[in-house]
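Throughout, read-outs are computed from the coordinates displayed, never taken from laboratory work. All values derive from a computational prediction rather than experimental measurement. We place every Cβ from the backbone using ideal geometry, glycine too, and count neighbours over all the protein chains shown.
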Amino acid sequence: MSDMNNTSNQTWTHKVMASRYFCFEFIAGSLLTGTLVLVVLLSGVLFPDGGGKVNLVARLTEPFQSAEFFLGTDPLGRDILERIVHGGRVSLVVGLLSALGAVVLGTVIGLFAGYYRGFLDAFIMRFADIQLALPFILLAITVIAIVGPGIDRIIVLMIVSQWVQYARLVRGSVLSLREREFVQAARSYGLSDVKIIFRHILPNALGPLIILLTLNVANNILLESSLTFLGLGADPQTPTWGGMLSEGRSYIQTAWWVTVFPGIAIMLTVLGLNLLGDWLRDELDPLGKTRA
Amino acid sequence: MSQNDTISPLLSVKDLTVKFGEGPREVCAVDGISFDLHEKKTLAIVGESGSGKSISSLAMLGLLKFIGGRVSSGQLEFQSSVLGETVDLAQAPEQVLRKIRGNEISMIFQEPMTSLNPVFTIGSQMSETISLHQGLSKSEAQTRALEFLELVRLPNAKRLLTNYPHQLSGGMRQRVMIAMALCCEPKVLIADEPTTALDVTIQAQILHIIRDLQAELGTSVIFISHDMGVVSEMADDVLVMKASKFVETGTVHQVLGHPQQDYTKALLAAVPKIGSMTGTTAPKLFDIPGMAQATKPAQVKTTDTAREPVLEVENLTTRYDIRGGLMNRVTHRVHAAEKVSFEIYPGETLALVGESGSGKSTVGKTIQQLIEPASGAMRYRGKDIFSLPREDRKAFQKQTQYVFQDPYGSLNPRMTVGESLVEPAKVHGLISTKAEALDKAAELLEKVELPAEYANRYPHQFSGGQRQRLCIARALACDPSLIIADESVSALDVSVQAQVVNLLMGLQESQGLSYLFITHDMAVVERISHRVAVMYLGQIVEIGTRQQIFENPQHPYTKRLLAAVPKLMPGHRPTRVLLDGEIPSAMRAVDDPPRLVDLQQVSDGHFAAL
């Protein structure tokens, strides 16, 4: 009887050990990202007054001194922890949505352009070249001047300007994948083009895409801050991580905490996403499953 | 051997063991191999892929550490004349090895396309080696390079010095590699599958050159090959390896003529021997010792031309346009297939043979509708395919299936084998539910003699031969009547090749399949085919039954192709009329169409361009 227990115990631990989720990347990545997202989602509950309360008496309080202002305060005496938690809403939404939007748009365009080649491909790629040549800030100023500022507009603007890099990356992979014999084999037994593209080509082109996606999330969080700095983004009263970074810039020598803590928030987000991205890439590759 | 026993060997390998990796992941790649290489002799190391033959040769050059391996025991004693002493290549420090490598021992690699640096001219790559080892000035090195390019019979050697590798054909590049390897007049030349990537007629050329130069310069050669025909033509002594271990050694007459070990016997039995089928009309299975013997010959003995053909191809023409110039107009065309006509009858194998660039794959891909033809007609059981609407043409794709050359590339690495196998059946609506798919995958795996539980595995978990079986299984998914096998067995080891060819013949018998067997390998063709069509520069120059083509070839190209195949006759050194230069290109200017050949009847069903 004890023997049986022993073996079932072993198989249980074995199952956990052999599970695809039992690895550093997944556990650390999902813990980090999960915690951040949870805290940001609960920001209204944790800090009901929205992080905008000015308290000039407590301006530039050092961190770790009091429970009230655990991470210190900024030059207007606003609680940094509170602002980070609230700022995460805008930053995460902008960073994730813009990167996701761009990856979907760019991937679809890249897949079809690379697979069909011809006039459409040439046209799209020349258009992409023109877009790459336009400075983003210039484009942003022009568009915002016409349609007015706002978070939603920033996200659309980022998608419109960033699909190009995904399209180029995907198109490059597609050009080599479409000549591979398994794609030709699929054509030879009559699989439709759309199915070939999504079943055979896309899964083999995902690796570099995931990496670019995770890097782009971080870039877009910072990009949002520069737009806000120029007065093109969110309402300056709304806290965002990027915005906090640029506000704290002039105090970096006297009050490091104003910039360092939002910086750490961005870093942890990116780290978590990168770890998850790495895990996902390995998981999607059947060759990666044979690792010991 | 007897006269050599008194002289000490040039290179003596004793109990060589090579290992990769550390601790529990340690792999033994070469396990206790010993041999002697004597002056002016050729030693052939034969074995199938993964047998450790290439690893042994890298050990001799001290190159193992660059790929993560090490000599764990044994000696490699080399009599160096530069250093004037015997050096153990396994122990010697890097400076000593560098003096020997490329100077006294040099190597020719398998892939001529990738072993030259594409950004340097031939001249600068050659003189680099020469000035490094011989301390010659730049102009002296250039003169010497020129001398050796002429020695390997390259025409226009002077101009070649200023050419870049991409401007040369595969055969020419391999000759440049030989010239580079020989330009320091090494005592030992290691040739690692030097002709495997080349066409047969070019292979014959290269083998001839290596033999001539060996006689002229007195070089000893270690010739690594899996091709028994080539080995019998080149070697004095033979060493057989299997799975990192020594099997047997002896003179070429002993090993190939009277093999002692079962493995050698099996290896030799699996080699298709050209001419072994003289007098027989039907295809024949390979005898594989130790394998269940199929005694029955293939069902269709001779082609029954009275029956309705499965597929008729008439005047099929496929061209690729090459655009250029300012206006991006069509300036040249590759005439890949010009007015190709043939029929395939039920249960018959038609072999389409020719060398690279002859257009044989283009014909196959046009039939499979992977390429649009420029003109011509194709009838499947009397129904004209190209005139049908798009959807109906798609349905015809069910009737023909394509098996590609590269077993590693033709399965999607991200899909399980089961998913891949049933996809064609799904496309054509033969199965719809998951349970049906499982059954179908199991049934298909069984047909190609693989266990049904393999359906959940991924392609990288299979060997080359197994993957090719999987590709054949996928081709069977829609119960086709014609399978186009495009060089489907060319990338496989001989013993695996024999098994796959037997499998194809067995399936032909049980399913009544027809094959269009596209290949360059005449020896396999002789085994498997009922009829043969020979293609040269996009046109069929000769077509007839197997017996007619092999026993009474009429077209000069067919004769040359047959003569170029190395025969398994130990010590036989054929003297062939060597082609000077290369096979011409099928690319022509727009206003310069190729001359069409005129096929004339030689005998019943045998046509040749004369």
For this session: Sum up the charges of everything whose Cβ sits under 13 Å from the Cβ of A:M125, counting Lys and Arg as +1 and Asp and Glu as -1, but leave A:M125 out.
Result: +2
Seminar exercise, completed: In deg cm²/dmol, rounded to the nearest 500, the helical mean residue ellipticity at 222 nm of chain A, built from -39500 (n - 2.57) for every DSSP H run of length 4 or more, is -23500 deg cm²/dmol
Seminar exercise, completed: One can check that the equivalent ellipsoid of chain B, built from the alpha-carbon gyration tensor with semi-axes equal to the square roots of five times its eigenvalues, has lengths in Å, largest first, of 43, 30, 24
For this session: Can you find, among B:L132, B:A59, B:Q601, the residue farthest towards the positive end of the dipole of chain B? Put +1 on the C-beta of Lys and Arg, -1 on that of Asp and Glu.
Result: B:Q601
Exercise. Where does the Debye-calculated log10 I(q)/I(0) of chain A sit at q = 0.08, 0.13 Å⁻¹, using only Cα point scatterers of equal weight, no solvent?
Worked result: -0.48, -0.99
Problem set entry | Residue order, fewest to most beta carbons within 10 Å, for B:H38, B:H258, B:H208 | B:H258, B:H208, B:H38
Seminar exercise, completed: By the mean-Cβ-within-10 Å protection proxy, highest first, A:24-37, B:142-155 rank as B:142-155, A:24-37
Exercise. Add -39500 (n - 2.57) for each DSSP H run of 4 or more in chain B, then divide by its residues: what number comes out at 222 nm, to the nearest 500 deg cm²/dmol?
Worked result: -9000 deg cm²/dmol
Exercise. Could you name the lysines in cross-link range of B:K434, using Cα to Cα under 16 Å and dropping any fewer than eight places away on the same chain?
Worked result: B:K426
Problem set entry | Between region B:8-42 and region B:108-175, the Cα center-to-center distance that results, in Å | 31 Å
For this session: Lys and Arg at +1, Asp and Glu at -1: add these up for the other residues within a Cβ distance under 9 Å of B:S54 and post the number.
Result: -1
For this session: Between beta-carbons, use under 10 Å as the cut-off and find the net charge around B:L513, counting Lys and Arg +1, Asp and Glu -1.
Result: -3
Seminar exercise, completed: Binned at 5 Å from zero, the C-alpha pair distances of region B:392-480 give percents of 3, 16, 28, 26, 18, 8, 2, 0
Exercise. Over region B:453-532, what is the relative contact order in whole percent, taking alpha-carbon pairs under 8 Å and six or more residues apart?
Worked result: 33 percent
Exercise. What translational diffusion coefficient, in µm²/s and rounded to a whole number, does the Stokes-Einstein relation yield for region A:242-292 at 4 °C and a viscosity of 1.567 mPa s, taking the hydrodynamic radius as the Kirkwood radius over Cα pairs?
Worked result: 98 µm²/s
Exercise. What is the calculated FRET efficiency for B:Q511 to B:Y164, with r their C-beta to C-beta distance and R₀ = 41 Å, to the nearest 0.05?
Worked result: 0.25
Exercise. Pairs B:K99/B:K158; B:K40/B:K273; B:K41/B:K242; B:K14/B:K99; B:K365/B:K398; B:K360/B:K394: which are spaced more than 18 Å apart, C-alpha to C-alpha?
Worked result: B:K99/B:K158; B:K40/B:K273; B:K41/B:K242; B:K14/B:K99; B:K360/B:K394
Seminar exercise, completed: Computed for the protein assembly as shown: size of charge dipole around the Cα centre, +1 on C-beta of each Lys and Arg, -1 on C-beta of each Asp and Glu, debye to nearest 20, value 1240 debye
Problem set entry | region B:247-286 versus region B:191-242: alpha-carbon centroid distance in Å | 18 Å
Problem set entry | Model label zone, A:F136; criterion: amide N under 13 Å from point 7 Å along Cα-to-beta-carbon; scope region A:160-192 | A:160-166
Exercise. When only C-alpha pairs under 8 Å and at least 6 residues apart count, what is the relative contact order of chain B, in percent?
Worked result: 15 percent
Exercise. Fewest first, what order do B:F120, B:F517, A:F119 take by the number of other Cβ atoms within 10 Å?
Worked result: A:F119, B:F120, B:F517
Problem set entry | In range of the label at B:S603: residues from region B:513-556 whose backbone nitrogen is under 20 Å from the point 7 Å along Cα→Cβ | B:526-534, B:541-556
Exercise. Nearest-5 percent of antiparallel DSSP beta bridges in chain B?
Worked result: 60 percent
Seminar exercise, completed: Exposure proxy check on A:I109, A:I141: fewest-to-most Cβ neighbours within 10 Å is A:I141, A:I109
Exercise. What are the radius of gyration and Dmax of the protein assembly as shown, computed over its Cα atoms and given in Å?
Worked result: 33.8, 111
Exercise. Separation between the B:L83 and B:S375 pseudo-spin-labels, each 7 Å from Cα along Cα→Cβ, expressed in nm?
Worked result: 6.9 nm
For this session: Among B:A563, B:V524, B:S481, pick out the residue whose Cα is farthest towards the positive end of the charge dipole of region B:448-583, where Lys and Arg carry +1 and Asp and Glu carry -1 on C-beta, about the Cα centre.
Result: B:A563
Problem set entry | chain A: most fluctuating residue of A:P75, A:P63, A:P135 per GNM, C-alpha cutoff 10 Å | A:P135
Problem set entry | Distance (nanometres) between label positions extended 7 Å along Cα→Cβ at B:S585 and B:S341 | 3.1 nm
Problem set entry | Considering only the protein assembly as shown, percent of DSSP beta bridges that pair antiparallel, nearest 5 | 60 percent
Exercise. Taking the Cα centre of chain A as the origin, how large is its charge dipole in debye, to the nearest 20, when only Lys and Arg (+1) and Asp and Glu (-1) carry charge on their Cβ atoms?
Worked result: 800 debye
Seminar exercise, completed: Extension length gain for B:E39 and B:A215 (0.36 nm per residue less Cα distance), in nm, is 62.2 nm
For this session: Mind checking B:408-418 for the average number of partner chain beta-carbons within 10 Å of each residue's beta-carbon?
Result: 5
Exercise. Got the relative contact order for region A:210-273 handy, in percent, Cα pairs under 8 Å and 6 or more residues apart?
Worked result: 32 percent
For this session: Taking a cut-off of 19 Å between Cα atoms, list the aspartates and glutamates near B:K447, but don't count ones fewer than 8 places away on the same chain.
Result: B:E419, B:E423, B:E436, B:D439, B:D479, B:E509
Seminar exercise, completed: Label model pair B:D15, A:L56: point-to-point distance (7 angstrom along the Cα→beta-carbon line) in nm is 9.2 nm
For this session: Round to a whole angstrom and tell me the spacing of the C-alpha centers of region B:324-385 and region B:453-528.
Result: 22 Å
